[in-house]
Amino acid sequence: MNQKKKYIFSIIRKPKSKIVWISILFIFVISIILSYFYINYIRKFTYKSVDNNIAELSKQTASQLELTITSQKQFLELIVDSINAGFFQTEKEILRQFDKELDNYHFTRFVILDESGSGITSDGHTVNNYPNIKDFFEQEEVYLSDNRPSTVSNNQVNIYSKTFWFKGQKKVLFATINMENYKQILLRRLFNGKGRTYLINKEGSILIDSFGTVNEHSTILYDHLNQEYQLKNTKALRNIDQMKKNIMNNKVGTFDIHFNKSIYFIHYEKVNINDWYVVTIAPDNIIAKELPLFLRISLGLCFFMIIAVIFIFLYIYALNEKQNRKLYSIAYVDPITGLGNETYFKEKGKDYLKVNAKNKYVVTIDINKFKALNNIYGYDFCNQILKQISKNVSKILPENSLMCRISNDIFAIICYYNKNIEKLLEAIFNVSSKLVIEDQVIHMNISIGVYKISFDEQDIVRCLDKSDIARSKIKGLYDNYYYIFDEELEELLVEEQRIESSMNEALKRQEFKVFYQPKIYTKDESLAGAEALVRWHRNDSIIQPNKFIPLFEKNKFILKLDLYIFEQVCKDISKWNLLYNKAPIISINVSKVHFQDEHFIDEYVKIADKYHIEKNRIDLEITESATMDSNIDIVKILNTIKEKGFMISIDDFGTGYSSLSLLQNMPIDILKIDKTFIDKSDLSSNNNIIDYIVLISKHIGVKTIVEGIETREQVEFIKKIECDMIQGYYYSKPLKKDKFEEYLRNHKYI
Ligand code: C2E
Ligand code: CA
Ligand code: CA
């Protein structure tokens, strides 16, 4: 049973949990994508600021260089100006005069040379035939050279030069730059010396390398970078190439290259001297050492947020699920047995219809006389019976069966069964006919209806109906019986469909006619009244009510039909009141379907008033089974009927199990003892059950009538037990209206 319960929920939940996992996956993927974009954005943002930083740095370095160079140039101008002013007599004098300023202006030495490249240095060397001296003599302004050989060694140096006239000769003044000093300018700002800066000329030759690692003269920066960073990937090479082009075109720029799992930012900035460039290179961990940490924190945060979102999502889902489960259990689960209820059966049963299987069955089980058991043992005990049966039967059902309790004492099963179904039915009888409850052995009888689902069946309610119809064939047998829906029933169903499709039209066409069956006083055999019984005249044939009344009760058409019949009877009574001075008391059948609406009687009152009928001349027949329906407050209903002035008969008494003591509290005028009683009775015996009923009825002031009296013998018996009235073929069958009117003319009545 528990397993069943779980099964119920599992199928209800399944599609939902799929959605949940898809949602979580969706949230996860979206979060990852968002995180990726976020981190990328942060990276880009950080890199951008790194770019800006490094560019700014390069600019500062460049302008620092410019400043130094400009002041050096100016110093050279000053020297030449003072020579031109004639302050000095000899070249040595000139050199001596300015020698002390060398350090201040970061020069290593001064040199004065003639046009042949020969001369002296401030530190006492003589120079002969300095190469390419012409280049210097061609310059008018102060000139700063690229790398040149030193005047005193083979080292490469950078030289300032300026020509001048001295004692009629054209000379040139050299000031050799102290490269160490420039290096300091380049280094000073570079991340505690961890970055790298190069000064290059337009062709890319390295003039100064801040680290001093480039020793070879006239090394090209681009080749140097290729080697240093082992640039193989095309993107880096393309960037280097782009830098080359940009520098040729006097443009500045930044890019990065990847090497040894680090990123190196490279910026090239123009110096406004000789088209030189300052190139700054810095690894990312120097420039943005916060970045990895920042990224890690961001990632952690993203991860945390994803987990939090998923957690909240799951929490809300779990809450919802709990709520849903509660609602579902209310909507779908029978609290007594834990099986599904009728709604669940109808819903879940649809899935079974979709399965393409040969031997599918709908089986309904009705516990016989369950109401009587309830009266005898009480509700709690009977609930145990229901539980036991549901447990025992569930156990023996084939796999994948569905068993539900669809009403008070009716179970419905849908199952696949490839063997002879009668075997399963026998097994069901076996496990449910003898129960042990609270140490008490209870013998049970059940009726089973079976419908083998045809392959094209699509309506579970119809399947259930067919199984019910099959069961109704053995109604009242009160033993372990089953009935399998067969062709005969199929035809019945077809007939029912025919009736349903034509009933409304038939009512309009007045095809429903009232027949009257006389009721006779036992004492003097005079007319006591008549019962109005409906007949359906269709295509020259008369259909008896048992063919359509049960169906009309099911589809509620009886509500319309009963009122229609009631109105016809009222019309007839008012006519007879005129014709014969007085009409006899007429009994009219009222289906219990009316009782679902408390105010149904108002309609009856309205019609009776319309035809000015005295309501105490109308007797409403209400079946005994209606008085036993626990869903309606029958006493209240009968009291209102009585208040309105109608007479009340309890019809078919004895077919149900209501006790006479129960009827004592109801405002009843007549008890109609069912035909089955007279049929079953041994008329010759003395202490008959009818005898007893009549006796008690007299005692509580209720009149009695026996229906279905067909023989004189039966009449004599009724007379003997002093039952008040008789209805039956012995006196008259139900008569057509004109025939009944004839009967009225020939018989006296009060
Ligand atoms: P019922 O109310 O028990 O009516 C008595 C039934 O017994 C009638 O059957 C009547 O023809 C039949 N009957 C009377 N005397 C004898 C007899 O001596 N022998 C036999 N074998 N039968 C006898 P009928 O007219 O076929 O009606 C069947 C049932 O249909 C009625 O049973 C009643 O429950 C229902 N019914 C008839 N007319 C109406 C109606 O207008 N409204 C409602 N709600 N039900 C109606
Ligand atoms: Ca009746
Ligand atoms: Ca009856």
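The values are calculated or read from the model by the stated rules, or taken from the named source; none is laboratory data. Here the structure is a predicted model, which is why all the values come from computation and not from measurement. Every residue, glycine among them, receives a Cβ derived from its backbone with ideal geometry; neighbour counts consider all protein chains shown. The area values use the complete protein model at the heavy-atom level, side chains included, leaving out ligands, DNA and RNA. Shrake-Rupley method; radii C 1.70, N 1.55, O 1.52, S 1.80 Å.
Here's the yes/no breakdown for (1) in contact with an Asp or Glu (Cβ under 7 Å, 6 or more places away or on another chain); (2) part of a strand (DSSP E or B); (3) at pLDDT 95 or above; (4) open to solvent by 20 Å² or more (accessible area, probe 1.4 Å):
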{"position": "Asn504", "(1), (2), (3), (4)": "no, no, yes, yes"}
{"position": "Lys513", "(1), (2), (3), (4)": "no, yes, yes, yes"}
{"position": "Gln517", "(1), (2), (3), (4)": "yes, yes, yes, no"}
{"position": "Ile520", "(1), (2), (3), (4)": "no, yes, yes, no"}
{"position": "Ala530", "(1), (2), (3), (4)": "no, yes, yes, no"}
{"position": "Val534", "(1), (2), (3), (4)": "no, yes, yes, no"}
{"position": "His537", "(1), (2), (3), (4)": "yes, yes, yes, yes"}
{"position": "Leu551", "(1), (2), (3), (4)": "yes, no, no, no"}
{"position": "Leu559", "(1), (2), (3), (4)": "no, no, yes, yes"}
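Residue pairs whose Cβ atoms lie under 8 Å apart, separated by 6 or more positions or on different chains, with the first residue in segment 654-679 and at positive phi and the second within 11 Å of ligand 3 (Cβ to nearest atom) and open to solvent by 40 Å² or more (accessible area, probe 1.4 Å), are Gly654/Thr676. All conditions in (1) outside the structural domain of Leu735 (by TED's automatic domain parsing); (2) open to solvent by less than 20 Å² (accessible area, probe 1.4 Å) hold for Asp459, with the sole exception of (2).
Among the residues of segment 694-749, those identified as in a strand (DSSP E or B) and closer than 20 Å to Asp669 by Cα are Lys703, Thr704, Ile705, Val706, Glu707, Met725, Ile726, Gln727, Tyr749.
Annotation note: of Thr640, Thr627, the sole residue that is among the hydroxyl-bearing types (Ser, Thr, Tyr) and open to solvent by 20 Å² or more (accessible area, probe 1.4 Å) is Thr640. Return yes when Ile634 is modelled with pLDDT of 95 or more and either within 16 Å of ligand 3 (Cβ to nearest atom) or assigned by TED's automatic domain parsing to the domain that holds Val694 (or both) and no when it is not. When the stated conditions are applied, Ile634 does not pass them. Annotation: of all residues in segment 705-714 being in contact (Cβ under 8 Å) with a residue 24 or more places away in the chain and surrounded by 14 or more Cβ atoms within 10 Å (Cβ to Cβ), the one that is farthest from ligand 2 (Cβ to nearest atom) is Gln714. Being within 18 Å of Lys167 (Cα to Cα) and crowded, with 16+ Cβ neighbours inside 10 Å is the filter here, so list the residues in segment 98-129 that pass it. Those that are within 18 Å of Lys167 (Cα to Cα) and crowded, with 16+ Cβ neighbours inside 10 Å: Val111, Ile112, Leu113, Asp114, Gly117, Gly119, Ile120. I'd like the residue in segment 649-663 that is among the hydroxyl-bearing types (Ser, Thr, Tyr) and under 17 Å from Leu373 (Cβ atoms) and, out of all such residues, is farthest from ligand 1 (Cβ to nearest atom). Among those that are among the hydroxyl-bearing types (Ser, Thr, Tyr) and under 17 Å from Leu373 (Cβ atoms), it is Ser659.
Surrounded by 15 or more Cβ atoms within 10 Å (Cβ to Cβ), at pLDDT 75 or above and more than 30 Å from Glu347 (Cα to Cα): does that describe Val29?
no
Could you tell me which residue of segment 611-624 is surrounded by the fewest Cβ atoms within 10 Å (Cβ to Cβ), considering only residues that are β-branched (Val, Ile, Thr) and within 16 Å of ligand 2 (Cβ to nearest atom)? Of everything passing the filter in segment 611-624, Thr623 is surrounded by the fewest Cβ atoms within 10 Å (Cβ to Cβ).
On the given criteria, is Ile453 open to solvent by less than 30 Å² (accessible area, probe 1.4 Å) and either closer than 16 Å to Asp366 by Cα or not assigned by TED's automatic domain parsing to the domain that holds Asn359 (or both)?
Details: open to solvent by less than 30 Å² (accessible area, probe 1.4 Å): yes; either closer than 16 Å to Asp366 by Cα or not assigned by TED's automatic domain parsing to the domain that holds Asn359 (or both): no.
Against the criterion (open to solvent by less than 30 Å² (accessible area, probe 1.4 Å) and either closer than 16 Å to Asp366 by Cα or not assigned by TED's automatic domain parsing to the domain that holds Asn359 (or both)), Ile453 does not qualify.
Determine whether Phe45 is surrounded by 13 or more Cβ atoms within 10 Å (Cβ to Cβ) and either modelled with pLDDT under 85 or assigned by TED's automatic domain parsing to the domain that holds Gly168 (or both). If you could, list the steps in order and put the result at the bottom.
Working: surrounded by 13 or more Cβ atoms within 10 Å (Cβ to Cβ): no; either modelled with pLDDT under 85 or assigned by TED's automatic domain parsing to the domain that holds Gly168 (or both): yes.
Considered against the rule, which asks whether it is surrounded by 13 or more Cβ atoms within 10 Å (Cβ to Cβ) and either modelled with pLDDT under 85 or assigned by TED's automatic domain parsing to the domain that holds Gly168 (or both), Phe45 comes out as no.
If only one of Ile678, Ile668, Ile650, Ile673 is out of contact with any Asp or Glu (no Cβ under 9 Å at 6 or more places or on another chain) and crowded, with 19+ Cβ neighbours inside 10 Å, which one is it?
Details: Ile678 fails: out of contact with any Asp or Glu (no Cβ under 9 Å at 6 or more places or on another chain); Ile650 fails: out of contact with any Asp or Glu (no Cβ under 9 Å at 6 or more places or on another chain); Ile673 fails: out of contact with any Asp or Glu (no Cβ under 9 Å at 6 or more places or on another chain).
Going through Ile678, Ile668, Ile650, Ile673 in turn, the sole match is Ile668.
Cβ separations smaller than 8 Å between residues 6+ apart or across chains give the following pairs from segment 597-614 residues that are more than 16 Å from Gln568 (Cβ to Cβ) to residues that are open to solvent by 70 Å² or more (accessible area, probe 1.4 Å): Glu598/Lys636; Ile601/Lys644; Val605/Lys644.
Report yes if Ile297 is among the β-branched types (Val, Ile, Thr) and under 18 Å from the mean Cα position of the chain (by Cα), otherwise no.
Values: among the β-branched types (Val, Ile, Thr): yes; under 18 Å from the mean Cα position of the chain (by Cα): no.
Here the answer is no, as Ile297 does not meet what is asked.
The residue pairs whose first member lies in segment 504-517 and is within 16 Å of ligand 3 (Cβ to nearest atom), whose second member is assigned to a loop (DSSP other than H, G, I, E, B), and whose beta carbons are closer than 8 Å, counting only pairs six or more residues apart or on different chains, are Phe515/Pro734; Phe515/Lys736; Tyr516/Pro734; Gln517/Ser732; Gln517/Lys733; Gln517/Pro734. All of Tyr160, Tyr222 fail the test of being part of a strand (DSSP E or B) and either modelled with pLDDT of 85 or more or open to solvent by 50 Å² or more (accessible area, probe 1.4 Å) (or both), apart from Tyr160. Of the residues making up segment 650-666, those that are within 16 Å of ligand 2 (Cβ to nearest atom) and hydrophobic (A, V, I, L, M, F, W, C) are Ile650, Phe653. Can you work out which of the residues in segment 327-375 that are in a helix (DSSP H, G or I) and among the β-branched types (Val, Ile, Thr) is surrounded by the most Cβ atoms within 10 Å (Cβ to Cβ)? Among those that are in a helix (DSSP H, G or I) and among the β-branched types (Val, Ile, Thr), it is Thr343.
Across segment 681-689, a minimum of one residue is classified as more than 16 Å from ligand 3 (Cβ to nearest atom) and of a type in the set (D, E, K, R). Residues that are of a type in the set (A, V, I, L, M, F, W, C), within 16 Å of ligand 2 (Cβ to nearest atom) and open to solvent by 10 Å² or more (accessible area, probe 1.4 Å) do occur in segment 584-604, at least one of them.
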